[in-house]
């Protein structure tokens, strides 16, 4: 009943409309209050800032309640620092995948429909209590008839039923949202990027292929583990993989119990991500503590092994973008603002008439890097403050628009540096990643 009701799009449309009306009422009330009270420019600016924050919280609450496609939309929009107000992108960045799990009977039916047989035909045991539940799927422990322990990722059945209606509503949001800096053509392109990425993420067969390829790319590093996919028990909406006992990166007590050296652990993670980002060009693009673990095994204290899970959000940089990134790094090393801006123009990152402002912003960023010791001399501790300046550059420079894949690339790098500051502040993440970056610069496509 719920699936067919959601498939109409009516409950989603009602929630979105209620959110829009609440925001409109808040805007009108705030503006009328300003008109009646008067006050200084500073007071009005503070009121407007508080208004934007309230509106952002309403959007986040609505997307979180709608789950699924709308959580993914919020995560997509949180990257668009070049197009949306910072209050909104900051609030959307806090949108989490965690949701209440579906009843086991619903999950059992979904598995049986996808695999074409009763649950007991495929699994000797299947734990009805999930290990975790996110915006598009929940994961259960199970055991195959061979005795092997597995984790089964099951997509919520209502996603398939409502996908057409949800994408129609999201498309309307792209067309009707604040005009800001994006033209109608830019909005259509962004929606196409979002829809294509979402369809990939909802196809667990794609995730299985990506996981296998990343496992092959990292196979030379014995300290990296990627769960093996059990293809006989997987499909488009069910993904079965080997289960590993592991401790999450956010579990400080668990890491202490294993006796893991945080510096050693950080080095393994940084080298794995640097290899994916700079060498392979295919990278795990959802790097949060829920997707990274340390295997719980006897040798963990001596040589911790890092487990990567959930490859639904991964990216392969196309050759043109990789080439321009390489040229951009050369320009940064040579402090050649003109060459850097030329590359941005070739990639369509600069709107018509915006180049002078973009050039000035890039020159200011290059000067900031120079003061920090230069691209090769600056330490990892300088990168996180630089990230905040880059965010401000995107927010304050009209006419600057970046490819979504590049933003994901930057977000992944940013996460690695933030993780370094948390796990082992005395380790220079930039110096660990530098050999891979230099290899990238001399690599030929």
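Computed quantities for the displayed model
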{"quantity": "GNM flexibility winner over the chain from 325, 333, 25 (Cα, springs under 10 Å)", "calculated": "25"}
{"quantity": "GNM flexibility winner over the chain from 14, 149, 331 (Cα, springs under 10 Å)", "calculated": "14"}
{"quantity": "Hull-based mean projected area of region 29-104, where the convex hull spans the alpha carbons, in square nanometres", "calculated": "6.4"}
{"quantity": "Average silhouette area of region 305-358, convex hull of alpha-carbon atoms, in square nanometres", "calculated": "6.2"}
{"quantity": "For q = 0.23, 0.27, 0.29, 0.32 Å⁻¹, Debye-computed log10 I/I(0) when each Cα of region 259-305 counts as one equal scatterer", "calculated": "-0.88, -1.03, -1.08, -1.16"}
{"quantity": "Value of Rg/Rh across region 253-358 [Cα atoms, Kirkwood radius]", "calculated": "1.16"}
{"quantity": "Per residue, the convex hull volume that the Cα atoms of the chain enclose (Å³)", "calculated": "166"}
{"quantity": "Approximate shape of region 224-286 as ellipsoid semi-axes (Cα gyration tensor, √5λ), whole Å, largest first", "calculated": "26, 20, 9"}
{"quantity": "Choice from 430, 292, 144 showing the highest fluctuation, given a GNM over the chain with Cα pairs closer than 10 Å", "calculated": "144"}
{"quantity": "Prolate/oblate/rounded call for region 52-190, Cα gyration tensor, a/c under 1.5 rounded", "calculated": "prolate"}
{"quantity": "Using distinct alpha-carbon pairs, which all enter the 1/r mean, Kirkwood radius of region 124-267 in Å", "calculated": "18.4"}
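A short reminder: the numbers here are calculations on the coordinates, not readings from a lab. None of the values given here were measured: they were computed from a predicted structure.
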